[in-house]
Structure formats: C-alpha cells, structure tokens
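What follows is a set of notes on a single structure, which appears directly below.
The values are calculated or read from the model by the stated rules, or taken from the named source; none is laboratory data. Because the structure is a prediction, the values reported are computed rather than measured. Every residue, glycine among them, receives a Cβ derived from its backbone with ideal geometry; neighbour counts consider all protein chains shown.
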Amino acid sequence: MSQKKKIAILGSTGSIGTQTLEVVEANLDAFEVIVLTAQSNADLLIEQSIKFKPNTVVIGDESKYKKVEDALWKHDIKTYCGEDALVDIVQMQDIDIVLTALVGYAGLKPTISAINAGKNIALANKETLVVAGELITNLAKSKGVNIYPVDSEHSAIFQCLVGEFHNPIEKIYLTASGGPFRGKKRQDLLEITKVQALNHPNWEMGAKITIDSATMMNKGLEVIEAKWLFGLKSSQIDVIVHPQSIVHSLVQFTDGSIKAQMGLPDMKLPIQFALTYPNRLKTDFERFNFMDYPQLTFEQPDLKTFTNLALAYQAMEKGGNAACVINAANEVTVEAFLNDKIKFLDIADINAKTLQLASFVEKPTYEDFVMSNTEARQIAVDIVG
Ligand code: NAD
Ligand code: MG
C-alpha cells in the first residue's frame, strides 16, 4: 500500500479495540490512527492516545472528560465527550475507514453517520446489523460504502468468497465453539454462575459477547449478521458446532463445492484482513500445526437447551423489528445476569417473552428502531423486576 490507511476505532479500549491497535502497531507503515473512542476507561484511552497520536479522541462518559482533556491537550490531541460527539466525529474528512468495536445497540447511530459520510466500515459491532440490517445494507449500497466483516466467522465467509463474488452461494455453515456449556442440558444449567459463564474455552472477549457465547445468542446474532452481509435467506444459513474453533466458517456453492477458511483462533487476523482487503499483510502470528489438532470435530447445535439460537432464527424469519426486539431484550438480560439479578436460563426465557410482548413493526424506519429498542428494553426490565 502506497498511502497509509487512516482509521477511526470506536471502542478502542475493549477486546477488539486493543487488538486492532496491536495490528496497527505491527504495521505502522500501512496504518495511521486518526480517531480513538471509549466509553469510560479514561486511563487506557489516554495511554493509547499518547502512544498512537490520533487527531481526535472521544470519551463517552462525560464525568471522565476533564481527565482526558487535561492529559491530552499538551499532546495537541482534540478531545470531545458524549454520544453526539461520536456521531459527528466519524464524519471527519481524513478518515478512510471506521472500525466499529463498541458493544451493543450504541453502535447503530455512529455507524449510520459514518456510512452517510461515505466512510467504509470494518464491522465488529454485529448488533448494528442485527438491529437494522436492511436499513444499514441499503444505506451502504446507496452511498457506495463497503462493510468489511471483522467477526471471525463472517471474515471466513468473506475470505472464501474472494474471487467468487459473481457465483451464487447455495448455503453457508457458521461454525460455533459451543461455548463453555457445550453438551450440557437445561437441568445442568440451573445454577450456573457468572464466573463459569465468563470462562470461554477458546476466545478472550468482552463480557457481553462472552455471555452471548455461553447462551449461544452470539451465534444467533451472527446468523442474522450473515443474512445481511451476504444477502441470504434463513434456509441458506446453517450452524455447526466445532469445538476446536479452527474452521472459522464455510461456504457451499451451487456445484456442491465447499470452501472453508481455517487458522488458529486469533481475532487479529480477521481485524487485519478487514483493514487491508483485498491485500494480505505478512504477520508473525503463531502458525497452525496439524499435529496439535489431530481431530477436528463437528456436531449439531442443541436448540432445545440453547433456545436463544432458535429464537434468533425465529426473529430473523419474522423480519421487521423482531431482531431489534430480541437484541434489546438480550442487552438487558445479559446485564441483569452479570449483576446477579437473574439466573442463567432466565436470559433466554426473558428474551423470548419480550419478543412475544413487544409491538411488531413490519417495515421499520430508523425512528421505529429507536422506539422499538426502548420499548423492548422496558419490557425486559419489567420482567427482570
Ligand atoms: P468490549 O466490552 O471488550 O469493548 C467495548 C468497547 O466499546 C470499549 O472500548 C468500550 O469503552 C466501548 N463502549 C462500550 N459501551 C459503549 C457505548 N455505549 N458507547 C460508546 N462506546 C462504548 O467488547 P468487545 O469484546 O471488544 O466487542 C466489541 C464488539 O465486537 C461487539 O459488538 C462484539 O459482539 C464484537 N465482536 C467481538 C469479538 C471479540 O473477540 N471480542 C469477536 C467478534 C465480534
Ligand atoms: Mg464470531
């Protein structure tokens, strides 16, 4: 690459954000950080900013603003705070690509703003596509904006499709590790603690996605994410449990041929590919050794125990605002579980109940999504009690 790619990282202090900065640091001749943002971890945001010298920094939590400003003005870094600043800053002229590594529904508004300004998106924040996939993909199309997947399964599909974009997809297989409770039945999960649920076998991630992996809601959200990224019908998306997390996902073409993308589980690879597509940059990441994995195994997901996955399919098939509703409910229930207010199995049960109770909107506008998110959150909060 002749010119450095100028990146805005939304959520730079999280799991994906910090790994993105590791990718940048290893390729300083290819990338330049223009914007960093975080919600509340001011100390890490300041440390990252002094190191990577972005033009502008945004801290979400307004009570942390003074600390950030005091630390960064002498480094000639502009500082802002609050949600509106995030929405404005992604439109900055210098930005080539916005990497959305913030968590949850909060990603929706800044992503729309970035697309409106014609910025390409490296999308980690899957919730944005779950909430408003049709709106986002139509907007991206109309603005000529590309959305590059960061999620490892979707990056795998995308990598399998390189050179095949004109060939129709028969179906895709999203692989799932199965999480820490693979093989368990409902009665085994009655007394699960958050410490157990936060202990993922293969990936180190933020708290919300780790709980989503334990309930398999993460795979449900990914099924919906895949529908919008690759323009698929529900019947074209299968989930297969693959505990080793080496095959990151597969595409089956209309001649029956299947392509898979493989590698050790390391998010830095999909992050880097989203930033460098169509090129690949040399890395010193640990290489896969077949002898360490003499068996790669595959199983059916257990939809009776992990009902969140079935719920996500149900919401996707219902369409309209249904996926927005289950996402909102799930944000509430995961937080309630992490705060010891509900039990593990309540997460999926309350998500399902919220979908039954929330108003259905068949063709939602942006304003409908905002209202639907608020309504579904309130329903879930009331059930949590
Ligand atoms: P995390 O909790 O580790 O980090 C979240 C980041 O977003 C932090 O920098 C935080 O300050 C910021 N943030 C949180 N709430 C915010 C808000 N309301 N407004 C603005 N910023 C906010 O999360 P993570 O694990 O890095 O995940 C980020 C996103 O990437 C999620 O959507 C997740 O599903 C997706 N993802 C993560 C992984 C992974 O390996 N961690 C893999 C695939 C996809
Ligand atoms: Mg994933």
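Here are some notes:
- When GLU191, GLU170, GLU164, GLU134 are screened for being part of a helix (DSSP H, G or I), modelled with pLDDT of 95 or more and of a type in the set (D, E, K, R), only GLU134 passes.
- Every condition in (1) within 16 Å of ligand 2 (Cβ to nearest atom); (2) within 28 Å of THR333 (Cα to Cα); (3) in contact (Cβ under 8 Å) with a residue 24 or more places away in the chain; (4) touching a helix residue (DSSP H, G or I) at 6+ places or on another chain (Cβ under 8 Å) holds for ASP238 except the one numbered (4).
- Any hit, the stretch 49-60, residues being over 30 Å from MET371 (Cβ atoms), under 23 Å from the mean Cα position of the chain (by Cα) and not in a helix (DSSP H, G or I): yes
- Selected residue (criterion: nearest to ligand 1 (Cβ to nearest atom)) from residues of the stretch 2-23 that are over 13 Å from ASN41 (Cα atoms) and in a loop (DSSP other than H, G, I, E, B): LYS4
- Residue list for the stretch 157-179, filter: surrounded by fewer than 22 Cβ atoms within 10 Å (Cβ to Cβ) and touching an Asp or Glu at 6+ places or on another chain (Cβ under 7 Å): LYS171, TYR173
- Considering each residue of the stretch 327-334 in turn, none proves to be more than 23 Å from the chain's Cα centre (by Cα) and either under 21 Å from LYS194 (Cα atoms) or in the same structural domain as GLY220 (by TED's automatic domain parsing) (or both).
- Of the criteria (1) farther than 20 Å from PRO110 by Cβ; (2) of a type outside the set (D, E, K, R); (3) crowded, with 24+ Cβ neighbours inside 10 Å, which one LEU45 fails: (1)
- For the stretch 24-46, the candidate set comprises residues that are under 16 Å from THR100 (Cβ atoms) and of a type in the set (S, T, N, Q); within that set, the residue that is nearest to ligand 1 (Cβ to nearest atom) is GLN39.
- All of (1) over 22 Å from the mean Cα position of the chain (by Cα); (2) within 16 Å of ligand 2 (Cβ to nearest atom) hold for LYS126 with one exception: (1).
Yes or no, residue by residue, for (1) surrounded by 16 or more Cβ atoms within 10 Å (Cβ to Cβ); (2) farther than 30 Å from MET262 by Cα; (3) out of contact with any Cys (no Cβ under 6 Å at 6 or more places or on another chain):
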position: PHE52; (1), (2), (3): yes, yes, yes
position: ASN55; (1), (2), (3): yes, yes, yes
position: GLY60; (1), (2), (3): yes, yes, yes
position: THR79; (1), (2), (3): yes, yes, yes
position: ASP96; (1), (2), (3): yes, no, yes
position: VAL131; (1), (2), (3): yes, no, no
position: SER155; (1), (2), (3): yes, no, yes
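- In summary, strands (runs of 3 or more DSSP E) completely within the stretch 199-307 and bearing 2 or more residues that are surrounded by 15 or more Cβ atoms within 10 Å (Cβ to Cβ) and within 13 Å of ligand 1 (Cβ to nearest atom) occur at 247-253.
- Among the residues listed as ALA106, ALA101, the single one being within 9 Å of ligand 1 (Cβ to nearest atom) and either under 18 Å from LEU229 (Cα atoms) or of a type in the set (Val, Ile, Thr) (or both): ALA101
- Any chance ALA197 is in contact (Cβ under 8 Å) with a residue 60 or more places away in the chain, within 15 Å of ligand 2 (Cβ to nearest atom), among the aliphatic types (A, V, I, L, M) and not assigned by TED's automatic domain parsing to the domain that holds LEU345: no
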